[in-house]
1. Provide Val182, Val73 in ascending order of the number of other Cβ atoms located within 10 Å of each residue's Cβ, fewest first.
2. Return the long-range amide H neighbours of Val190 (sequence gap of 5 or more, or a different chain), with a cut-off of under 5 Å between placed amide H atoms.
3. I want to make sure I understand the PRE zone here: with the label point 7 angstrom from the Cα of Lys197 toward its beta carbon, which residues in the range 123-163 have backbone N atoms less than 11 Å away?
4. Classify the range 180-225 from the C-alpha gyration tensor, please: rounded if a/c falls under 1.5, else prolate or oblate depending on whether a/b exceeds b/c.
5. So for the pair Gln56, Ser110, with labels modelled 7 Å out along Cα→Cβ, what separation do we get in nm?
6. Using a 10 Å cut-off around each Cβ, can you sort Glu105, Glu213 from fewest to most neighbouring Cβ atoms?
7. Report the label-to-label distance for Thr131 and Glu151 in nanometres (one decimal), using points 7 Å from each Cα along the Cα→Cβ vector.
8. For Lys175 and Ala65, FRET efficiency with R0 = 35 Å and r from the beta-carbon atoms, rounded to 0.05?
Amino acid sequence: MVFGVALMLAVLIAGTNSDPIANLLHHNIGALVIKLALVILAGGLVLTLFRERFSQALEAMAFWAMVGFLLVVGYTYRFELSDTAHIVMAELVPDRVTGHGAHAEVVRGSGGEFAIAARINGAGVPMVLDTGASSVVLTRNAAKVAGLPIEMLNYSVNVDTANGRTRAAPVTLDKLAVGSVVERGVPALVVKSDLLKNNLLGMSFLNRLESWEVRGDRLRMRGGP
């Protein structure tokens, strides 16, 4: 821009010459110089006005390029990220059940147990996987939450718990669900005393499944058709 202004001043000075030939020569050269100076001034003005917008456009391009890069990386490593997410969620929500369709999966908690957020007759009941238990076993409180008539049950079965022997009542659960895996008419026991601290997800549920397995830190269950 400064160069353009200098050229315009030079033309004006040259135009003061009284020689007609010189005036004609200076006039032709001056017109060209003036046009060139105007182009330079216009270009400088455009750059000044749009420099900020151009910078913003570059920033936007860089931002969307980064978003695209992250999407590609996320898709490429989606399974690894999913595994990491399961582990993190297991630490934050130990009894969280994941899965879809007739599949359910639970990640082992930090205590070494598979804590499971089950639903019995529509009510949420926390349970612990126990493959050594021949039946699903519930505390009186869990049975009450599930809507079972605990005061009318016949506690006729002797059971051994980690805290000693007690008696339990045989019942049939209308519906027991672990995530999207649902079984109906599941045999279970309701313990009469407070010796049982955890509700146990035992073999009377697991044996009804199409398949189940513990692989590493994951419990995988597949319900029937």
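Rule-based calculations on the coordinates, nothing more; no lab input. Just so it is clear, the structure is predicted and the values come from calculations on it, not from any experiment. With ideal geometry, Cβ positions are generated from the backbone for all residues, glycine too; neighbour counts draw on all protein chains shown.
1. Arranged by neighbour count, lowest to highest, Val182, Val73 become Val73, Val182.
2. Hits under the 5 Å cutoff: Leu138, Ala169, Val171.
3. 162-163
4. Oblate, since a/c reaches 1.5 and b/c is not below a/b.
5. Using points 7 Å along Cα→Cβ, the separation is 4.7 nm.
6. Fewest to most other Cβ atoms nearby, the residues stand as Glu213, Glu105.
7. 4.1 nm
8. Between Ala65 and Lys175 the formula returns 0.10.
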